[in-house]
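The values are calculated or read from the model by the stated rules, or taken from the named source; none is laboratory data. These figures come from a predicted structure and were not determined experimentally. Every residue, glycine as well, gets a Cβ built from its backbone with ideal geometry; the counts of neighbours run over all protein chains shown.
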């Protein structure tokens, strides 16, 4: 095999293994906040779910560690997939920006409540389950089947304390350890 061709094959393979190792190592160190994740409770109207969301709280994870002012924006792509744009700020709600763009597809038969999401190409797919949402799509609770990831989202950067309490109660009723939720600071 010519040397130049070998590099085109070997380097991407090494990158894929290294990325897999980093993801696996980060995943193992995260606590499980729910050992029996429920199925999503309601169907999702994608047209109403798409758009901008503010992160109210989350289970801390390696890819968002230390991020504040976190937002997510979902929109339809021309190919029928969903564009996912996550933005977070390092250290403070107005700190340096870090953006990650990915794509998601709806899992067939999930009533639009489960997605497969990729930020690193087709080799690394993650689950995104819309476990619960209000009828007006003003808040949602998002998780995945391992119980290691959890997000509480709102259409507004902050929510009144009584709404936050209600969201934590709903999350706890689904079996999540709410003491693991890290509140996200948003700009005022």
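Yes or no, residue by residue, for (1) under 17 Å from residue 37 (Cβ atoms); (2) loosely packed, with under 14 Cβ neighbours inside 10 Å; (3) touching a residue at least 40 places away in the same chain (Cβ under 8 Å); (4) not assigned by TED's automatic domain parsing to the domain that holds residue 78:
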{"position": "102", "(1), (2), (3), (4)": "no, no, no, no"}
{"position": "126", "(1), (2), (3), (4)": "yes, no, no, no"}
{"position": "147", "(1), (2), (3), (4)": "yes, no, yes, no"}
{"position": "155", "(1), (2), (3), (4)": "no, no, yes, no"}
{"position": "161", "(1), (2), (3), (4)": "no, yes, no, no"}
{"position": "172", "(1), (2), (3), (4)": "yes, no, no, no"}
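Consider region 95-133. How many of its residues are in contact with a helix residue (DSSP H, G or I) (Cβ under 9 Å, 6 or more places away or on another chain) and either on the phi > 0 side of the Ramachandran plot or part of a strand (DSSP E or B) (or both)?
Of the residues in that region, 7 qualify.
I need a count of the residues in region 54-79 that are touching a residue at least 12 places away in the same chain (Cβ under 8 Å) and not in a strand (DSSP E or B).
Summing the residues that are touching a residue at least 12 places away in the same chain (Cβ under 8 Å) and not in a strand (DSSP E or B) in region 54-79 gives 7.
Which of (1) without any contact (Cβ under 8 Å) to a residue 24 or more places away in the chain; (2) under 18 Å from residue 110 (Cβ atoms); (3) in a loop (DSSP other than H, G, I, E, B) is the odd one out, the single condition residue 136 does not satisfy?
Here residue 136 meets the rest and fails (2).
Here are the criteria: (1) over 23 Å from residue 32 (Cα atoms); (2) surrounded by 18 or more Cβ atoms within 10 Å (Cβ to Cβ). Tell me which single one residue 93 does not satisfy.
Result: residue 93 fails condition (2) only.
Looking at residue 36, is it over 16 Å from the mean Cα position of the chain (by Cα), outside the structural domain of residue 119 (by TED's automatic domain parsing) and at pLDDT 95 or above?
When the stated conditions are applied, residue 36 passes them.
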